[in-house]
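A short worksheet on the structure shown next.
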Amino acid sequence: CRRYRLSTKDVPIAALELRHRQRARAEDRIRAARATGLRNLPFHDTAQNRIWLEIVQIALDLLAWMAMLALTGKPRLWEPRRLRLRLFSIAAQLVTTGRRRYLRLARHWPWAHVIMQALARLDTLPNPG
């Protein structure tokens with residue numbers, strides 16, 4: 001687009017790169033929102049669709065906070081579809097014994113170590129209350 005080139009002719013390269021990175025980050029968030037449930041509005045009523053949009057926003061916030069607080073390395077960059085496949089669909093049991101609860105994860109799951117590392121990171125965070 002010639003008009004675009006002319007309008008950025010005198011802009012420093014660093015500023016252009018920053019603008020493009022910000023745009024790419026916004027497009028990543030939009031893609032994640034669509035993968036989380038924003039692709040189609042499931043209801044005919046506007047009020048119900050508003051509630052659906054709030055639920056999608058809460059899910060996106062939880063995914064973003066989980067990535068920032070619990071995940072490290074490559075799992076931190078996983079898209080919602082990959083997170084659902086690898087982390088959210090693991091077979092597990094919640095066992096209560098001796099007034100304590102234990103989460104037993106399937107040992108054969110290839111990404112169980114990612115979940116255990118994430119839980120360990122969450123345990124090291126200070127108690128907000």
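The values are calculated or read from the model by the stated rules, or taken from the named source; none is laboratory data. Every value quoted in this text rests on a predicted model; they were computed, and no experiment measured them. All Cβ positions, even for glycine, are placed from backbone atoms using ideal geometry, and neighbour counts span all protein chains on display. Note: areas computed on protein heavy atoms with side chains; ligands, DNA, RNA excluded. Shrake-Rupley method; radii C 1.70, N 1.55, O 1.52, S 1.80 Å.
Which is out of contact with any Gly (no Cβ under 8 Å at 6 or more places or on another chain) and modelled with pLDDT of 90 or more, of I55, I90? Quick ask: steps written out before the conclusion?
Values: I55 fails: out of contact with any Gly (no Cβ under 8 Å at 6 or more places or on another chain).
One residue alone meets the criteria, I90.
Which one is nearest to M116 (Cα to Cα), of the residues in the range 49-69 that are open to solvent by 70 Å² or more (accessible area, probe 1.4 Å) and not hydrophobic (A, V, I, L, M, F, W, C)?
Per the criteria, the residue is D61.
Applying the selection to the range 15-43, what residues are open to solvent by less than 90 Å² (accessible area, probe 1.4 Å), at pLDDT below 85 and more than 20 Å from the chain's Cα centre (by Cα)?
Once the filter is applied, which keeps residues that are open to solvent by less than 90 Å² (accessible area, probe 1.4 Å), at pLDDT below 85 and more than 20 Å from the chain's Cα centre (by Cα), the range 15-43 yields A15, L16, L18.
Restricting the first residue to the range 78-90 and requiring it to be loosely packed, with under 13 Cβ neighbours inside 10 Å, which pairs with a second residue that is modelled with pLDDT of 95 or more meet a Cβ separation below 6 Å and a spacing of at least six or different chains?
Within 6 Å, no pair qualifies.
Restricting the search to the range 99-113, which residues are farther than 17 Å from D123 by Cβ and not basic (K, R)?
Within the range 99-113, A106, H108, W109, P110, W111 qualify.
Those residues that are part of a helix (DSSP H, G or I) and open to solvent by 90 Å² or more (accessible area, probe 1.4 Å), I need them from the range 99-129; list them, please.
Let us first name the residues in the range 99-129 that are part of a helix (DSSP H, G or I), namely 112-124.
Within the range 99-129, H113, M116, Q117, D123, T124 qualify.
Mind listing whichever residues of the range 24-42 are among the polar types (S, T, N, Q) and in a helix (DSSP H, G or I)?
Applying the first criterion (among the polar types (S, T, N, Q)) to the range 24-42 yields 36, 40.
Of everything in the range 24-42, just one residue is among the polar types (S, T, N, Q) and in a helix (DSSP H, G or I), namely T36.
Go through T46, T96, T72 for me and flag whichever is closer than 28 Å to P126 by Cα, at pLDDT 90 or above and exposed (fewer than 10 other Cβ atoms within 10 Å of the Cβ). Step through it out loud before you land on a result.
Details: T46 fails: closer than 28 Å to P126 by Cα; T72 fails: exposed (fewer than 10 other Cβ atoms within 10 Å of the Cβ).
So the residue among T46, T96, T72 that is closer than 28 Å to P126 by Cα, at pLDDT 90 or above and exposed (fewer than 10 other Cβ atoms within 10 Å of the Cβ) is T96.
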